[in-house]
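Structure first, then comments.
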Amino acid sequence: MADTQHATPLIVLIEDEPQIRRFVRAALEAEQYAVAEAETGTQGLMDVGTRRPDLLIVDLGLPDMDGIDVIQDIRSWSNLPILILSARTSEAHKVKALDVGADDYLTKPFGIPELLARVRALLRRSARAHTDDLPVVRFGEVEVNPLQRTVTRNGEAVHLTAIEYRLLMQLITNAERVMTHSTLIREVWGPHHADKIHYLRVYMSNLRHKLEADPNAPRYILTASGVGYRLVLA
């Protein structure tokens, strides 16, 4: 995802039918959402783990695994909003998908207006869940507005990548506490990426260069040597 003042919502779409993928992607991109496509459950799970999207849209009838298994895997480590697209119309299928953790269910064929309405509703609900208890946060010359998803320094917009923003929000929601390397990696990259400690250091360095007056002697984003990082607000 490109640098942006407002983090563009990213949606992963797991669907094995190319026509439906093109149809859904075009509709979502017309509404300014970023979309990553996967045609198998395996690829979709990798994309969710590495890209950490804002929403997952998944078909239940995938070539390599059942969509129910995809949902169960994701629910073992993430509260990511999940919308089902499926030709399975029976009440039993819908109930099972919702019981294992899907948030909504849309039956094929479907109309674009209804799809977009459900996407907007899920994203709003997720945003409220993550920001209701998070006021505007200030440290030094930096102001972070979680509801607006904006970051400014000295009143000027700071352009963060999606990963930088997620790291910053992890530090903010756990301000004054040490966040271990493994916890930050799990929350930002997913549960199967313990080897990304080098990437973590690079991204934390980027955050310091963008947010600290002197990134070589940071006052707010501090290193707990050998353990992790801590955000100091005072």
Which residue pairs have Cβ atoms closer than 7 Å, lie 6 or more positions apart in sequence or on different chains, and pair a first residue in segment 203-232 that is over 17 Å from V144 (Cα atoms) with a second residue that is of a type in the set (A, V, I, L, M) and at pLDDT 95 or above? Y229/M204; Y229/I221
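Please indicate, with yes or no, whether at least one residue in segment 43-51 is within 24 Å of R166 (Cβ to Cβ), part of a strand (DSSP E or B) and modelled with pLDDT under 95.
Let us first name the residues in segment 43-51 that are within 24 Å of R166 (Cβ to Cβ), namely 43-51.
Narrowing the set further to residues that are part of a strand (DSSP E or B) leaves none.
No, the conditions are met nowhere in segment 43-51.
For segment 52-62, give me each residue that is in a loop (DSSP other than H, G, I, E, B) and modelled with pLDDT of 90 or more. Working first, answer last.
Narrowing segment 52-62 to residues in a loop (DSSP other than H, G, I, E, B): 52-54, 60, 62.
Listed by number, the residues that qualify are P53, D54, L60, L62.
Going through R177, R166, R149 one at a time, which residue ends up being more than 14 Å from the chain's Cα centre (by Cα), charged (D, E, K, R) and at pLDDT 80 or above?
R177
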Checking the condition small (G, A, S) and either assigned by TED's automatic domain parsing to the domain that holds I74 or within 24 Å of N79 (Cα to Cα) (or both), which residue from S182, S205, S225 passes? S182
Please list, ordered by first then second residue, the pairs with beta carbon atoms under 8 Å, 6 or more apart or interchain, first in segment 137-149 and under 11 Å from V232 (Cα atoms), second of a type in the set (D, E, K, R). G140/E212; G140/R219
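Report yes if some residue within segment 110-126 is more than 30 Å from L211 (Cβ to Cβ), modelled with pLDDT of 85 or more and outside any helix (DSSP H, G or I); otherwise report no.
Taking segment 110-126 and keeping what is more than 30 Å from L211 (Cβ to Cβ), we get 110-122.
Restricting the remaining residues to those that are modelled with pLDDT of 85 or more gives 110-122.
Keeping just the survivors that are outside any helix (DSSP H, G or I) gives 110-111.
Yes, segment 110-126 contains at least one residue that is more than 30 Å from L211 (Cβ to Cβ), modelled with pLDDT of 85 or more and outside any helix (DSSP H, G or I).
The values are calculated or read from the model by the stated rules, or taken from the named source; none is laboratory data. None of these values were measured; they are calculated from a predicted model. Note that each Cβ is placed from the backbone with ideal geometry, even for glycine, and that neighbours are counted across all protein chains shown.
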